[in-house]
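Beneath this line is the structure, given in structure tokens, with notes to follow.
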Amino acid sequence: MSGDFADVPTAGEPASSPIADPRLCQVHDYWRGKVAGRTMPRRADIDPTEIPKLLPDVMLVDVLPHGRYRYRLIGTENAQAHGMNATGRYLDEVLPGPEYKAHVIALYDESVGARRALYSECLFMAPERRAPERHTKVLFMPRAEDGETVNMVFVMQVFFYIDEATRERHFIDARPYKEIAHVLL
């Protein structure tokens, strides 16, 4: 999928919602609708048959003891963008580069600790040019069976490519990155 940065607010530009991508808006509305007066939805509240067009960009991530996370399910678009299907693998084993790995795990930790959805965007730079080559937008939405303790994170991540050569390389190449949006919702 190709895209551009037209929907990224510039410095000083007001944004009514940080989420501009329609797929991410749809999944966030869906998640909020499933909260039903609780802090967050339960696993049974999320029905894949209700969001079939979003499933290729969805990931389910188990929250494990001692701060670890494991991919339970990775949608086909994400598996392709990552360059591998990491279903069943631990995040700390597959995320590329120590800085990016720490960044992503910190995003999960923040969403899980706050028990709230979190939105983040990153630009990935070509090391030789320091110019953007890939743009990701990701939404972390916690789930809890007991209504309190987060045991899974429902994630949707979409990719936009400036340099098509970076397609299918997200988990393969550790690239310099810059977070350009970070909002606890």
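The values are calculated or read from the model by the stated rules, or taken from the named source; none is laboratory data. Here the structure is a predicted model, which is why all the values come from computation and not from measurement. Neighbour counts are summed over all protein chains in view; Cβ atoms, including those assigned to glycine, are modelled from backbone coordinates with ideal geometry.
One residue stands out in region 102-142 among those that are of a type in the set (K, R) and surrounded by fewer than 22 Cβ atoms within 10 Å (Cβ to Cβ): the one that is nearest to the chain's Cα centre (by Cα), namely R116. Which residue is surrounded by the fewest Cβ atoms within 10 Å (Cβ to Cβ), if the candidates are limited to region 160-185 and must be within 17 Å of E128 (Cα to Cα) and at pLDDT 85 or above? Across region 160-185, the extreme among qualifying residues is K178. Looking across L139, L118, L95, one residue alone is more than 24 Å from I51 (Cβ to Cβ) and touching a helix residue (DSSP H, G or I) at 6+ places or on another chain (Cβ under 6 Å). It is L95. Residues that are of a type in the set (A, V, I, L, M) and modelled with pLDDT under 90 were ranked within region 1-32; the one that is surrounded by the most Cβ atoms within 10 Å (Cβ to Cβ) is V8. If we scan region 15-33, do we find a residue that is farther than 18 Å from L184 by Cβ, touching a strand residue (DSSP E or B) at 6+ places or on another chain (Cβ under 8 Å) and small (G, A, S)? Within region 15-33, not a single residue is farther than 18 Å from L184 by Cβ, touching a strand residue (DSSP E or B) at 6+ places or on another chain (Cβ under 8 Å) and small (G, A, S). Selection of region 132-146 for residues being over 8 Å from F160 (Cα atoms) and either among the β-branched types (V, I, T) or in a strand (DSSP E or B) (or both) yields P132, E133, K137, V138, L139, F140, M141, P142, R143.
Filtered by the rule that a residue be under 14 Å from M156 (Cα atoms) and touching a residue at least 40 places away in the same chain (Cβ under 8 Å), region 63-76 gives a lone residue, R72.
Quick one: which of V155, V150 is within 21 Å of V35 (Cβ to Cβ), buried (at least 16 other Cβ atoms within 10 Å of the Cβ), out of contact with any helix residue (DSSP H, G or I) (no Cβ under 8 Å at 6 or more places or on another chain) and of a type in the set (V, I, T)? Even if it seems obvious, please write down each step before you answer.
Details: V150 fails: out of contact with any helix residue (DSSP H, G or I) (no Cβ under 8 Å at 6 or more places or on another chain).
Being within 21 Å of V35 (Cβ to Cβ), buried (at least 16 other Cβ atoms within 10 Å of the Cβ), out of contact with any helix residue (DSSP H, G or I) (no Cβ under 8 Å at 6 or more places or on another chain) and of a type in the set (V, I, T) holds for just one of V155, V150, which is V155.
Selection over region 33-44 of residues that are surrounded by fewer than 16 Cβ atoms within 10 Å (Cβ to Cβ) and in contact (Cβ under 8 Å) with a residue 60 or more places away in the chain gives a count of 3.
Which residues, counting only those in region 104-125, are over 29 Å from G37 (Cβ atoms) and among the small types (G, A, S)? Hit for region 104-125 is A106, nothing else. When the residues of region 60-101 are filtered to those that are touching an Asp or Glu at 6+ places or on another chain (Cβ under 6 Å) and under 18 Å from N151 (Cβ atoms), which remaining residue is surrounded by the fewest Cβ atoms within 10 Å (Cβ to Cβ)? The qualifying residue surrounded by the fewest Cβ atoms within 10 Å (Cβ to Cβ) is R72.
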